[in-house]
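Scroll down for the structure; my scribbles are underneath it.
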Amino acid sequence: MAEVLLKIEGINKRFGGLQALSGVNLEIPKGAIYGLIGPNGAGKTTLFNVLTGLYMPDEGSFTFDGHDLFRAKPHKVVAAGIARTFQNIRLFSEMTALENVMVGRHIKSRAGALGAVLRDPRTRAEEAAIREKAWELLEYVGITDVADDLARNLSYGHQRRLEIARALATEPKLLALDEPAAGMNPRETDDLKHLMSKIRDGGVTILLIEHDVKLVMGLCDRIAVLDYGKRIAEGVPETVRKDPKVIEAYLGVAHE
Amino acid sequence: MTNSTLRGKLGIYLVSAFLLAAQPFLVGGFLGNSWVRIIDFALLYIMLALGLNIVVGFAGLLDMGYIAFYAVGAYTYGLLSSPQFGLHLPFYITIPLGAVCAACFGLLLGTPVLRLKGDYLAIVTLGFGEIIRIFMNNLNQPVNITNGPQGVNLIDPIHLGGLTLGKTMEIGSLSLPVVYLHYYLFLALSVLVVILATRLQRSRIGRAWVALREDDIAAAAMGINIRNIKLLAFALGALSGGIAGGLFASFQGFISPESFGLMESIMILAMVVLGGMGHIPGVVLGAVVLTIAPEILRDTIGPMQMSTFGRMIVDPENARQLLFGLALVVMMLVRPAGMWPSKRRALEFSDAKAKARAQKG
């Protein structure tokens, strides 16, 4: 297997009496599109939130590209190189599309309050660079035509793309997408697929949560399956597809 | 930009600069110096409202105890330049020091409320504002620091060498009363605060504040350090309040805890909300209108009743409060986004209205 980018071991997360994740292991190789699937309530999004620092895991270990990110704050996780999108799109709705992406450059720029007030040449150059980079990213995901529209007024497909552009603005090594195809029509899903391949080919590893098994099977290099907070299968799509445990989780067990 | 619009803009700037410079003479000449004094206060409130606007308008943190920072600035100046301790430090030390102290208090308030939002944040900050006031009220024993409810008296006016803002200045045949001198000082500082606030808004920091206001979880996921950016908003907001406080102390020559009550906090918040939250020109307008309107009412209600009814029916002070409250309610109904909202917010409110209508119909 290729070099491991993200490695988590034995991650446990409880919410009161509910064991949302129990002993989850995951190894994501560099340069892959890695799928994470499972029925509703399997703990996919919980795992995502643990990975990106929104939830604190109870036990386990979590290393990413040489950084120990166990119980790290969200901004540290981003700094280490993990960016994410949200299942129920969380854009800054009163900002324009361009400004949304500019916020994504926050971590890659430094100007503080003093720079903002003095507007010295360095700050101005940085600001121009932020704007230029944001514009490039809008171009990359193909939504420059709505650059100056408020995020809340964009179409659903555009909002999804904008969220990806914003995440890419942090120059991540791992891009984590939480059900990006949810609610998309077949054409939009197809476009998205191309976009993801393009991003992967650009050197960014992708972790994809998806409901749409067909999309995952066709796109991902490896897949992990979660059910009731446990990882029940892992491997290349062909083996996972045939795994009896996976079939059981998705279709239920036959009673004789 | 074409040449003619550029010239037009330049013209507008020149005319407004001239009007602002001539204002005390115009107002003082026609209406009397008491009105110049009111305008001086309007300028102080502009600084306060712009400071609060950083916290409430930009970062979306509802702060109901903002007046505490005004108090900290005022007491820093008052205690260090008055007979209270026999200290008479110059203004160029006391005003910056007051601003820094206020910023520290901003951090002091910001730290424990990092996890709070909305209503809860409002209640805690409200409590903070009251705590500061009560401290000022009671720090006269066992050691007398603030002189308690009697307040600090005989505070030095701003002076440098032989120049003082504390008495009428004669320049040739031109005589500039105290309120005129303070007008120019306050105007200069207000312009400075406007510039600082505008620059902050259009920067990486300003964007981070708006992101925080719009969606703090997404902001964190973009690598924004939520704790630091919140504390920065509290500190910078407080800074402006502290400067205004120091100016207030020097201008009045007297401060007491009474000036820093909850009503003042609410008033400043009303300036921000009524003017147009997050929109600097709107906030400035809000501060000016809410300072001057009550004074106009004070001057007109009594005589109006006398001329129409021949006697006083409602006590002018009560009628003033009543009308003022009514005006606020009407404003919020008619223009919920404020008197002069940013184009964006105006759009947002009209969108919401259209949506509501569509759902009804």
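The values are calculated or read from the model by the stated rules, or taken from the named source; none is laboratory data. Not measured: the values here are computed from a predicted model. Reconstructed Cβ throughout: ideal geometry from the backbone, glycine too, with neighbour counts over all protein chains shown. Each accessible area value is taken on the protein alone, full model and side chains, heavy atoms only, with ligands, DNA and RNA left out. Shrake-Rupley method; radii C 1.70, N 1.55, O 1.52, S 1.80 Å.
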Item to check | Every residue from the stretch B:271-283 that is hydrophobic (A, V, I, L, M, F, W, C) and open to solvent by 40 Å² or more (accessible area, probe 1.4 Å) | outcome: B:Val273, B:Met277
Checklist entry - Just for the stretch B:216-225: of the residues that are buried (at least 20 other Cβ atoms within 10 Å of the Cβ) and either more than 14 Å from A:Gly104 (Cα to Cα) or touching a Leu at 6+ places or on another chain (Cβ under 8 Å) (or both), which one is farthest from the other protein chains (Cβ to nearest Cβ)? => result B:Ala219
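Can you tell me which residue in the stretch B:22-68 is most open to solvent (accessible area, probe 1.4 Å), limited to those that are of a type in the set (D, E, K, R) and not in a loop (DSSP other than H, G, I, E, B)?
Taking the stretch B:22-68 and keeping what is of a type in the set (D, E, K, R), we get B:37, B:40, B:63.
Imposing the further condition that a residue be not in a loop (DSSP other than H, G, I, E, B) reduces the set to B:37, B:40.
On the way: B:Arg37: 88, B:Asp40: 0 Å².
Filtering the stretch B:22-68 for residues that are of a type in the set (D, E, K, R) and not in a loop (DSSP other than H, G, I, E, B), the one most open to solvent (accessible area, probe 1.4 Å) comes out as B:Arg37.
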Item to check | Test: residue in the stretch B:226-234 that is open to solvent by less than 10 Å² (accessible area, probe 1.4 Å) and over 30 Å from A:Thr170 (Cα atoms) | outcome: no
Checklist entry - Is it the case that B:Gly110 is touching a residue at least 40 places away in the same chain (Cβ under 8 Å), under 19 Å from B:Leu160 (Cα atoms) and small (Gly, Ala, Ser)? => result no
Checklist entry - Since A:Gly183 meets every condition but one in (1) open to solvent by 50 Å² or more (accessible area, probe 1.4 Å); (2) in contact (Cβ under 8 Å) with a residue 40 or more places away in the chain; (3) part of a loop (DSSP other than H, G, I, E, B), which condition does it not meet? => result (2)
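Return yes or no: is B:Ser190 more than 14 Å from every other protein chain (Cβ to nearest Cβ) and touching a residue at least 40 places away in the same chain (Cβ under 8 Å)? Don't jump to the end; show me each part of the working.
Values: more than 14 Å from every other protein chain (Cβ to nearest Cβ): yes; touching a residue at least 40 places away in the same chain (Cβ under 8 Å): yes.
Against the criterion (more than 14 Å from every other protein chain (Cβ to nearest Cβ) and touching a residue at least 40 places away in the same chain (Cβ under 8 Å)), B:Ser190 qualifies.
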Checklist entry - Among the residues of the stretch A:221-245, which ones are open to solvent by 10 Å² or more (accessible area, probe 1.4 Å) and either within 24 Å of A:Pro186 (Cα to Cα) or out of contact with any Gly (no Cβ under 9 Å at 6 or more places or on another chain) (or both)? => result A:Asp221, A:Arg222, A:Glu234, A:Val236, A:Glu238, A:Thr239, A:Arg241, A:Lys242, A:Pro244, A:Lys245
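Can you confirm whether A:Asp65 is closer than 20 Å to A:Glu9 by Cα, touching a helix residue (DSSP H, G or I) at 6+ places or on another chain (Cβ under 7 Å) and charged (D, E, K, R)? Lay out the reasoning, then the answer.
Working: closer than 20 Å to A:Glu9 by Cα: yes; touching a helix residue (DSSP H, G or I) at 6+ places or on another chain (Cβ under 7 Å): yes; charged (D, E, K, R): yes.
Yes.
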Checklist entry - What are the residue pairs meeting all of these: first residue in the stretch A:44-66, first residue more than 14 Å from A:Leu26 (Cβ to Cβ), second residue assigned to a helix (DSSP H, G or I) and at pLDDT 90 or above, Cβ atoms under 7 Å, and 6 or more apart or on different chains? => result A:Gly53/A:Pro74; A:Gly53/A:Lys76; A:Gly53/A:Val77; A:Leu54/A:Pro74; A:Leu54/B:Ile217; A:Tyr55/A:Thr46; A:Tyr55/A:Asn49; A:Asp65/A:Ala80
Checklist outcome for this item: Among (1) over 30 Å from B:Leu192 (Cβ atoms); (2) open to solvent by less than 30 Å² (accessible area, probe 1.4 Å), A:Thr63 falls short only on (2)
Checklist entry - Looking at (1) at pLDDT 95 or above; (2) open to solvent by less than 10 Å² (accessible area, probe 1.4 Å), can you tell me which one A:Lys133 breaks? => result (2)
Checklist entry - When the stretch A:76-120 is examined, which residues are found to be farther than 15 Å from A:Ala167 by Cα, facing chain B (nearest Cβ under 7 Å) and either buried (at least 24 other Cβ atoms within 10 Å of the Cβ) or in contact (Cβ under 8 Å) with a residue 40 or more places away in the chain (or both)? => result A:Ser93, A:Glu94, A:Met95
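Take B:Gly282 and tell me if it is outside any helix (DSSP H, G or I), out of contact with any Cys (no Cβ under 7 Å at 6 or more places or on another chain) and under 30 Å from B:Leu200 (Cβ atoms). Don't jump to the end; show me each part of the working.
On the way: outside any helix (DSSP H, G or I): no; out of contact with any Cys (no Cβ under 7 Å at 6 or more places or on another chain): yes; under 30 Å from B:Leu200 (Cβ atoms): yes.
So B:Gly282 fails the test.
Mind checking whether some residue in the stretch B:263-270 is more than 14 Å from the chain's Cα centre (by Cα), surrounded by 20 or more Cβ atoms within 10 Å (Cβ to Cβ) and of a type outside the set (Val, Ile, Thr)? Let's see the steps before the verdict.
The first filter runs over the stretch B:263-270 and keeps only residues more than 14 Å from the chain's Cα centre (by Cα), leaving none.
Scanning the stretch B:263-270, I find no residue that is more than 14 Å from the chain's Cα centre (by Cα), surrounded by 20 or more Cβ atoms within 10 Å (Cβ to Cβ) and of a type outside the set (Val, Ile, Thr), so the answer is no.
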